[in-house]
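Report on the structure given below.
The numbers here are math on the coordinates, done by the rules we state, and not lab data. If you're wondering where the values come from, they're calculated on a predicted model, not measured in any experiment. Cβ placement follows ideal geometry from the backbone for every residue including glycine, while neighbour counts extend to all protein chains displayed.
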Amino acid sequence: MQQNILIVDDRNENLMALETLLESADVQLLKADNGNDALKLLLRHDVALVLLDVQMPGMNGFEMAELMRRNKKTQSVPIIFVTAHGDKRQIFRGYEVGAVDYLAKPIERDVLLSKVKVFLDLDFQRRELERQLQEIQHLKQQNEQLLQALGDGVIAVDAAGVITFVNAAMKHLFDLDPQQAVGQSLAEVLQNGDGKKAPWLNSEIHAATSKGERFQRDTGYSVRNRNGTVPAFLSAAPIPSASGFAGTVVTLRAVEGDKQDFMEEIAKKNRKQTRKRIGTVLRLFDRSNGKSMGRLGNISLEGLKLISREEIYTASRHPFSMVLPETLAGSNTLSFDAQCVWCRKSEDVPGEYHAGFRIIRISDNDLRILVQLIEKY
């Protein structure tokens, strides 16, 4: 990460002296012999620190500092004034216009380098924090887009069981209005087998996820809407947080009719269930939290190979979803649950793993999507 220091002095010998003193600081030096040129450099470059001479003809150091503080791009750039005078009124004036420190001429090399190091470290921390915040924001946007695109219903609740997010699929699958559901207790929306509203703190979902465990049920849960209830497959996972339990993501899939006839029909048309390499890059996501699991290597009606940057534990179960390259069977996503049956390091790419999965649960419509995906790609 390249860092820039701007040195400003009307005398060339002073610029050369500062350049010599800073040659071991591993920074890019920008030089200007007047305030106007210095301001132009500040607008073109990201600068970690300005070493600014006080006494310059035309625009002096104080005037330049005042202009810097009025500009949004330069208002927070640290300024160290360099002066041959130790007049207290001049020092106070410098702090009034935004100086962070003073250096007296002749400059001592060790003093200069120690002060410069402090501000370079602060600049590095600031830029690293900005980068991390941008990554977090990007991941947040990706996750929200993925959750909205998933074919499964997704409900997120906070630690108190209050709904904070409902994706658009809940409206299509369960006739549940996302806007009206947000802010309600999960017990108002999700009904257990006996039809009672179990308080959140006493529910099976809270008992498991608050301890960091996943919770799954194929029967016994229904989504309550204005017209009644719709049976659902349910999978719940805790929301990780450095401070402890932050809430739960609940993934719901409407229970469909018996798919045995459909499976037999597909089996007749596809007697050889060979895996087919997909001719486009498709990434698989964990639909419980939006995490990217890796890219799809090949797939059949029975299983798939995943290429991942992380080792995947054998026998672990995963709720997968992928965004399709085009709409298939009326959907732009494919979702299913799969279990890892093997995982090994790649022989060709360092740090890469290949994992084999068998599909353990898939809805009728997602099965149709999978058939079309294999046929087309």
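Tabulated data for the structure shown
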{"quantity": "Relative contact order, percent, segment 151-254 [alpha-carbon distance under 8 Å, six or more residues apart]", "calculated": "28 percent"}
{"quantity": "Cross-link reach list, aspartates and glutamates versus Lys105, counting only Cα pairs under 16 Å and skipping chain neighbours closer than eight places", "calculated": "Asp9, Asp10, Glu13, Glu19, Asp53, Asp87"}
{"quantity": "Restraint check, Lys305/Lys376; Lys171/Lys211; Lys171/Lys305, Cα-Cα greater than 25 Å", "calculated": "Lys171/Lys211; Lys171/Lys305"}
{"quantity": "Footprinting exposure proxy for Arg368, Arg344 (fewest neighbouring C-beta atoms within 10 Å first)", "calculated": "Arg344, Arg368"}
{"quantity": "Packing-based ranking, highest mean first, of 108-118, 243-253 given that Cβ atoms within 10 Å are counted", "calculated": "243-253, 108-118"}
{"quantity": "Under the Karplus curve 6.51 cos²θ - 1.76 cosθ + 1.60, θ = phi - 60°, whole-Hz ³J(HN,Hα) for segment 171-176, x wherever Gly or Pro sits", "calculated": "5, 6, 7, 10, 6, 10"}
{"quantity": "For the chain, built as a Gaussian network whose Cα springs stay under 10 Å, the top-fluctuating residue of Arg226, Arg214, Arg131", "calculated": "Arg226"}
{"quantity": "By average C-beta atoms within 10 angstrom, highest first, the peptides 176-184, 314-322", "calculated": "314-322, 176-184"}
{"quantity": "Structure-derived log10 I(q)/I(0) by the Debye sum over Cα atoms at q = 0.08, 0.10, 0.11 Å⁻¹: which label, when the choices are (i) -0.38, -0.61, -0.75; (ii) -0.64, -0.76, -0.81; (iii) -0.48, -0.69, -0.80", "calculated": "(ii)"}
{"quantity": "Asp364-Arg283 FRET efficiency (beta carbon distance; Förster radius 25 Å; 0.05 resolution)", "calculated": "0.55"}
{"quantity": "Segment 298-326 versus segment 33-78: alpha-carbon centroid distance in Å", "calculated": "55 Å"}
{"quantity": "Total charge dipole magnitude, the chain, about the Cα centre, Cβ charges on Lys, Arg, Asp, Glu only, Debye to nearest 20", "calculated": "1120 debye"}
{"quantity": "Computed over the chain: relative contact order in percent, which uses C-alpha pairs under 8 Å that are six or more apart", "calculated": "9 percent"}
{"quantity": "Top positive-direction residue, dipole computed over the chain with Cβ charges, set Ala65, Val371, Ala32", "calculated": "Val371"}
{"quantity": "Anisotropy class of segment 320-377 from Cα gyration tensor, a/c 1.5 cut", "calculated": "prolate"}
{"quantity": "Rounded to whole Hz, the Karplus (6.51, -1.76, 1.60) HN-Hα couplings of segment 4-11, x for glycine and proline", "calculated": "10, 10, 9, 10, 10, 7, 6, 9"}
{"quantity": "Computed label-point distance, nm, for sites Glu213 and Asp101 using a 7 Å Cα→Cβ extension", "calculated": "5.6 nm"}
{"quantity": "Positive-end residue of Leu52, Phe336, Ala208, charge dipole of the chain with Cβ unit charges", "calculated": "Phe336"}
